[in-house]
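Heads up, the thing below is written out as structure tokens.
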Amino acid sequence: MNVTPTRIPDVLLLDPDVQVDERGFFMETWHRGRFAASGIDCDLVQDNHSRSVQGTLRGLHYQIRQPQGKLVRVTVGEIFDVAVDIRKSSPTFGQWVGAYLSADNKRMLWVPPGFGHGFYVTAGPAEVQYKCSDYYAAAHERCIQWNDPQLAIEWPLNGRPLLSDKDTREAQPLARAECFP
């Protein structure tokens, strides 16, 4: 597995070893020891799977208590995946990184606890699977506005994105969001 730190060194882009032959392919999507040696040293306790049509934008989500690290990959379609550092004590607070993840490139993104996370479906439908380092806790879920000018995320939009009511109603700008110390 090739691990590449992004502009925010705690966010890692992973290119797994993929074994390909005439029958198809095989790859490891999680191996506790190998991932720990690569800098992802945690227990993953929950596995999620979502399906979204092209043009859907989900996020920017996080949990203020029980923060979740997320190991994200795409098994159908393509997304532009974004992580935003919302740790006030971090030198990269308020900065974001984005990466294209697709069924074809088989890349994964490690989004550590303390980050907001979201994605935009660039080729869909897209099926996104992500392993989490803590359990979902609805009472602690928060959302930052995907289009906050302070963040200036360069989403590769093709028209107006499809958003959930929750992401529209409950999302806060970073300046008013509840962040990590």
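The values are calculated or read from the model by the stated rules, or taken from the named source; none is laboratory data. Note that the structure is predicted; figures quoted are calculated from it, not measured. Ideal geometry is used to build each Cβ from the backbone, glycine not excepted, and the neighbour counts take in all protein chains shown.
Within region 116-158, the set of residues being of a type in the set (Asp, Glu) and surrounded by 15 or more Cβ atoms within 10 Å (Cβ to Cβ) comprises Glu127, Asp134, Glu141, Asp148. When Asp165, Asp148 are checked against the criterion of being at pLDDT below 95 and at negative phi, a single residue qualifies: Asp165. Residue check: is Asp148 charged (D, E, K, R), touching a residue at least 24 places away in the same chain (Cβ under 8 Å), farther than 24 Å from Gly39 by Cα and part of a loop (DSSP other than H, G, I, E, B)? So Asp148 passes the test.
Filtering region 14-21 for residues that are more than 30 Å from Arg169 (Cα to Cα), under 13 Å from the mean Cα position of the chain (by Cα) and in contact (Cβ under 8 Å) with a residue 24 or more places away in the chain leaves a non-empty set. As a summary of the residue check, Asp10 satisfies the conditions (1) surrounded by fewer than 17 Cβ atoms within 10 Å (Cβ to Cβ); (2) within 20 Å of the chain's Cα centre (by Cα); (3) over 24 Å from Gly77 (Cα atoms) except for the one numbered (1). Residues that are assigned to a loop (DSSP other than H, G, I, E, B), in contact with a Phe, Trp or Tyr (Cβ under 6 Å, 6 or more places away or on another chain) and either without any contact (Cβ under 8 Å) to a residue 12 or more places away in the chain or within 22 Å of Val11 (Cα to Cα) (or both) occur at least once in region 113-124.
The one condition from (1) in contact (Cβ under 8 Å) with a residue 12 or more places away in the chain; (2) under 26 Å from Ala36 (Cα atoms); (3) not in a strand (DSSP E or B) that Trp155 does not meet is (2).
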